[in-house]
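One structure is given here, and the rest of the page talks about it.
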Amino acid sequence: MTMRVDPEFRGKVVGELGAERLLRCVQCSTCTVSCPISEFVDWNPRLVVEKCLLGLRDVLDEEGLWLCTSCQNCYERCPQDVRFSEIVLALRRLAAEEAKAGRLKLESTKPAFDECFLEMVAKYGRQYEAGLLRTFAKRSGLGFKLFLSYKGIGMRLFKKGKVALRPDKIKRVKEVREVFKRFSGSPSSSVETGGEHK
Amino acid sequence: MKKFSYYPGCTSHTSSKEYDMSVRAVFSVLGVELVEIEDWNCCGALEVESPLLAYALNARNLVLAEKTGLDLVVPCSACFYNLGRTDYALRDEELRRRIGTSYARRIKVRHVLDVLANDFLEEIKTRAKKKLDVRVVPYYGCLTVRPSDFGFDDPDYPESMDRLLSALGADVPEFSLKARCCGGPILMTAEEIPLKMTAQILEEAKKAGADAISVACPLCHLMLDAKQPDIEAALGKEFKMPVLYFTQLVGLTLGIKPKKLGLHKNIISTREIIRKVLR
Ligand code: SF4
Ligand code: SF4
């Protein structure tokens with residue numbers, strides 16, 4: 001790993017909504033030992049905080065950033081109330097911003113998934129799984145492979161009448177679209193709103 | 001008549017139909033009216049990276065709920081997390097102004113498990129027609145109990161479901177993984193990891209000699225129930241572990257017909273559980 005120190009990076013993270021408490025971290029590792037994901041991949045929440053504090057931008061490349069399940073163990077157990085799960089979201093926004101600017105390549109399909117998920121919500125006001133899968137298959141580049149991987153569960157749900165064949169659109173979807181317009185839907189563009197927070 | 005407002009959540013029309021059915025059926029037997037909030041929108045699940053967007057999406061629902069003047073009951077734990085944290089964050093007046101919401105926090109946001117286990121335990125016990133004669137492992141997952149900022153139970157070792165089920169006669173063993181993550185939120189983007197995470201829970205439940213796992217979240221249910229055959233295939237093992245919403249179990253003891261509780265909609269057969277309770 002290249003150690004590229006960016007003295008401004010720390011301040012940038014702290015300026016993100018939800019990440020204001022970064023500096024309170026005492027590096028105790030409670031988050032790391034509580035994280036279910038760190039059991040499976042190289043993902044160390046304590047180290048992620050350390051990297052942010054040191055201004056190591058490479059933290060935005062971390063695979064685990066997109067594997068966090070939002071289980072809230074780190075949030076719950078941190079003795080310093082750092083709220084690491086919120087820092088993950090802030091880092092995701094920054095990573096997406098970098099990717100948009102062409103400075104970072106995102107390997108995970110999670111950003112695309114989230115984007116497609118929110119597009120459905122903006123379109124119908126509620127989730128529409130069939131539409132989500134179609135859009136995600138396209139956007140992630142997985143195409144038909146995606147349908148193959150989830151064929152089993154899809155068929156099982158379908159047989160039990162648990163798949164909606166039509167979107168369930170709410171009446172005043174305009175209001176939801178207004179919310180998206182104001183607070184912006186995609187992870188990348190939400191950075192602007194995060195930025196104004198002090 | 002006691003009333004609550006009700007936020008069913010998107011999966012109530014799809015993968016968690018049986019949860020919605022059993023919640024409605026149980027409340028109706030208890031003589032409690034659930035008023036579905038009008039024109040509710042998706043809570044954003046765990047796919048919203050921007051806190052302001054999450055708050056604004058959920059503030060719309062909270063305003064709609066507040067119009068009914070009734071405390072809000074939420075069955076899905078991800079919805080509960082989003083509505084709950086929004087309600088909690090909106091204590092801050094500046095944030096309310098920034099979101100531009102009229103929500104005044106005149107109602108409470110409550111998980112359906114909280115309501116049934118803490119408000120209606122005695123009532124359920126009195127009305128119970130059948131003994132819950134099964135060994136059930138209680139599984140809460142993450143967002144039912146975390147964060148505890150606005151929670152109703154212990155964030156590491158919750159016990160509300162244990163109390164409810166054992167009061168109805170169930171044999172509820174200690175279960176160390178009860179608040180462990182199932183990995184559900186990354187199912188679509190990193191499948192191998194959640195499969196392993198859920199497998200651990202199924203293995204432990206099997207080891208505990210469980211007849212069934214009881215859950216309070218549609219995503220946990222999807223992973224443990226609908227994904228179970230895939231996990232079995234990946235591991236080369238057989239679990240055949242029924243996974244029921246706790247409201248389906250409560251409904252059975254209240255004498256509600258299995259069909260009304262959607263027990264035919266679970267992927268892993270629930271027949272054996274029904275037989276044991278109704279015999
Ligand atoms: S638990 Fe909190 S204080 Fe400890 S290392 Fe993690 S973020 Fe820092
Ligand atoms: S919220 Fe994310 S980072 Fe925190 S413990 Fe859970 S999986 Fe790990």
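What follows is calculated from the coordinates using simple rules that are stated; it is not laboratory data. The model shown is predicted, which means the values in this text are computed figures rather than measured ones. Every residue, glycine among them, receives a Cβ derived from its backbone with ideal geometry; neighbour counts consider all protein chains shown.
Relative contact order of chain A: 23 percent, from C-alpha pairs under 8 Å at least 6 residues apart in sequence. The calculated FRET efficiency for the pair B:Ser28 and A:Leu54, based on their C-beta separation and a Förster distance of 41 Å, comes to about 0.10.
Based only on other Cβ atoms within 10 Å, what is the fewest-to-most ordering of A:Tyr75, B:Tyr140, B:Tyr157?
B:Tyr157, A:Tyr75, B:Tyr140
Helical content of chain A, expressed as a calculated mean residue ellipticity at 222 nm, amounts to -14500 deg cm²/dmol (DSSP H runs of 4 or more residues, -39,500 (n - 2.57) each, divided by residue number, nearest 500). The residue list B:Val63, B:Met241, B:Val26 was ranked by how far each Cα lies along the charge dipole of chain B toward its positive end, using unit charges on Cβ atoms, and B:Val26 comes out on top.
Size of the dipole of chain B about the Cα centre, Lys and Arg at +1 and Asp and Glu at -1 on the beta carbon, nothing else charged, in debye to 20?
About 960 debye.
The mean sequence separation of alpha-carbon pairs under 8 Å and at least six residues apart, normalised by the residue count of chain B, gives a relative contact order of 21 percent. The Kirkwood radius of the protein assembly as shown, taken over pairs of alpha-carbon atoms, gives through the Stokes-Einstein law at 20 °C and 1.002 mPa s a diffusion coefficient of 94 µm² s⁻¹. Computed about the Cα centre, the dipole magnitude for segment A:110-190 is approximately 340 debye when only Lys and Arg (+1) and Asp and Glu (-1) carry charge, each at its Cβ. Sorted fewest first by neighbouring Cβ atoms within 10 angstrom, B:His264, B:His13 come out as B:His264, B:His13. Comparing B:Gly236, B:Gly44, B:Gly100 in a Gaussian network model of chain B, where Cα atoms under 10 Å apart are tied by springs, the biggest mean-square fluctuation is seen for B:Gly236.
Mean partner shielding of peptide A:15-24, defined as the number of other chain Cβ atoms within 10 Å of each residue Cβ, is 1.
Helix B:192-207 sits at what angle to the longest principal axis of chain B, using alpha carbons and giving 0 to 90 degrees rounded to 10? That works out to roughly 50 degrees. The angle separating the long axis of helix A:45-54 from the principal Cα axis of greatest extent in chain A is about 60 degrees.
Sparse packing (at most 13 other Cβ atoms within 10 Å of the Cβ) combined with a DSSP loop state is found for the following trypsin sites (Lys or Arg not before Pro) in segment B:184-270: B:Lys237, B:Lys240.
Taking the inverse of the mean 1/r over every pair of distinct Cα atoms in segment A:9-100 gives a Kirkwood hydrodynamic radius of 12.8 Å. Within chain B, the longest run free of exposed loop sites, counting GluC sites (Glu not before Pro) that sit outside DSSP helix and strand states (H, G, I, E, B) and have at most 14 other Cβ atoms within 10 Å, spans B:39-173. Extension gain for the segment B:Lys131 to B:Lys237, taken as residue separation times 0.36 nm less the Cα-Cα distance, is 35.0 nm to one decimal.
Put in order of Cβ neighbour count within 10 Å, fewest first, the listed residues A:Phe40, B:Phe27 become A:Phe40, B:Phe27. Of all segments of chain A bounded by GluC sites (Glu not before Pro) found in a DSSP loop with no more than 16 other C-beta atoms within 10 Å, the longest spans A:9-106.
Axis angle, to the nearest 10 degrees, between helix B:17-29 and the longest C-alpha principal axis of chain B: 80 degrees.
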